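Only one structure is covered here, and it is reproduced in the block below.
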Ligand code: KMH
Ligand code: ZN
C-alpha cells in the first residue's frame, strides 16, 4: 500500500463567511491556508473562490489570479472546482478550465444537494471530460452516489482515459441526497472501483459528522483522504473547526497511525499522472 494522498478543500461554496468566520475567502487567506496545509502534509488544494462580498463566484479573472497565486507560493497541485455552486450555469463551469489548473473536478451525475439540485447532465459530463483531455488537465471524478461510478465506467469506455492516463475518483459521502458517509457505503464503492481501469485510485471525504468514519474506512480500504472546511465545519460535538490546518493535521495523524504517511507533492503528481513542475 502506498502513502496517503491528502487533499484540502478549504472553502467550498456552501458556508457563508458570516456564519463561519474562519473560512478562507480572499486570495491572501487562501494562499496562507494552502501554505500551512502543504507544510502539514497536504498535496492537493481543491479550490472554490469567493468574490469581494465573500459570495461564491466563477469569475474568470479571479480564478486565473488564484491559480497564479497558489502556484507562486506553494507546490500544491491546484485543482479547481468545476462544480461551483448549485446555482452556477454550465457555461461558467466549463470556463473554469480556461484558468489553466493542473487538475479540475468532474462530477459523474446529478444529485439532490440539500435543498438544491447539483445538475450534471450526461452531455455536460462528456463535454467537461473531453475538454480536460484536450487541454491536459487531469480530472478528479467526483462521486456522490454508487451509480455515478457506473457512469464513470461508461464515460471512460466511450471517450477514453483522462489526460495522464490515470483514473482518480473522490467519494463525496454524506451529502443530504447522496450516499451515506459510512464504512459500508465506502466498501460498496470500493467493490465497484475494482471494475474501473487497473490502478484506479480513490480518495474519500465525509460531510459533517461522517468525516471521521469515512477517513478511517478509506485508510483501511487503501483509499486516500480529502478534508477541509468545504466539507466539515464542526471538529467535535459542540466545537467549531478553528482552521483547515486543524483538519489536515488530524488527517495526517490518522494516516501516520495507519502507517501510510502523507505523499509529497512530487509523489502525488507521479501517482496521478500530473506533469512534474
Ligand atoms: N459545491 C457543490 C455544488 C465540486 O467542487 O466539483 C459542488 C462541489 C463539487 O463542490
Ligand atoms: Zn468542491
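Per-residue counts of other Cβ atoms within 10 Å, averaged by peptide: what ranking do you get for 62-72, 190-200, highest first? Don't skip to the answer; put the middle values down first.
Values: 62-72: 16.9, 190-200: 14.0.
Answer by packing, highest mean first, reads 62-72, 190-200.
What 222 nm value per residue comes from the helices of the chain, counting each DSSP H run with n ≥ 4 as -39,500 (n - 2.57) and dividing by all residues, nearest 500 deg cm²/dmol? All intermediate terms of the calculation are to be shown ahead of the outcome.
Working: 9 runs with 104 residues, N = 277.
Calculated mean residue ellipticity at 222 nm is -11500 deg cm²/dmol.
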_Förster radius 35 Å - calculated FRET efficiency between residue 220 and residue 94, Cβ distance, rounded to 0.05_ = 0.40
*Projected label distance in nm at residue 119 and residue 242, using a 7 Å step from Cα toward the beta-carbon*: 4.3
*Length gained when the stretch residue 276-residue 20 is fully extended (0.36 nm per residue, less Cα-Cα span)*: 88.6 nm
*Express as a percent, rounded to the nearest 5, the fraction of DSSP beta bridges in the chain (both residues included) that run antiparallel.*
20
*Label the range 212-277 by shape, choosing from rounded, prolate and oblate, from the square roots a ≥ b ≥ c of the eigenvalues of the Cα gyration tensor; if a/c is under 1.5 it is rounded, and otherwise prolate applies when a/b is larger than b/c, oblate when it is not.*
prolate
*Cα principal axis extents for the range 1-150, largest first, Å*: 40, 37, 29
*Would you mind putting 129-138, 33-42, 225-234 in packing order, based on average other-beta-carbon counts within 10 Å, highest first?*
225-234, 33-42, 129-138
*Can you tell me the FRET efficiency between residue 69 and residue 198 if r is taken as the Cβ-Cβ distance and R0 is 30 Å, rounded to the nearest 0.05?*
0.20
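According to the Kirkwood expression over distinct Cα-Cα pairs, how big is the hydrodynamic radius of the chain, in Å?
On the way: mean 1/r = 0.0548 Å⁻¹.
About 18.2 Å, per the Kirkwood formula over Cα pairs.
Give the relative contact order (percent, whole number) for the chain; include only Cα pairs under 8 Å separated by 6+ residues.
Working: 561 pairs, mean separation 63.5, N = 277.
Averaging sequence separation for qualifying contacts and normalising by length gives 23 percent for the chain.
Note the full-extension length gain between residue 249 and residue 2 as 0.36 nm times their separation in residues minus their Cα-Cα distance, in nm to one decimal.
87.0 nm
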*For the range 1-26 and the range 121-148, what is the separation of their C-alpha centers, rounded to whole Å?*
22
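Can you tell me the convex hull volume per residue for the range 155-277, based on C-alpha atoms, in Å³ to the nearest whole number?
Numbers: hull volume 15.2 nm³, N = 123.
Output value, Cα hull per residue: 123 Å³.
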*In the range 39-127, what percentage of the DSSP-assigned beta bridges are antiparallel, given to the nearest 5?*
45
*Between the range 154-170 and the range 39-117, what's the alpha-carbon centroid distance in Å?*
20
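FYI, it's all coordinate maths here, none of it is from the lab. From a predicted model like this one, the values you see are computed outputs, not experimental measurements. Here the Cβ is made from the backbone with ideal geometry for all residues, glycine too, and neighbour counts use every protein chain on show.
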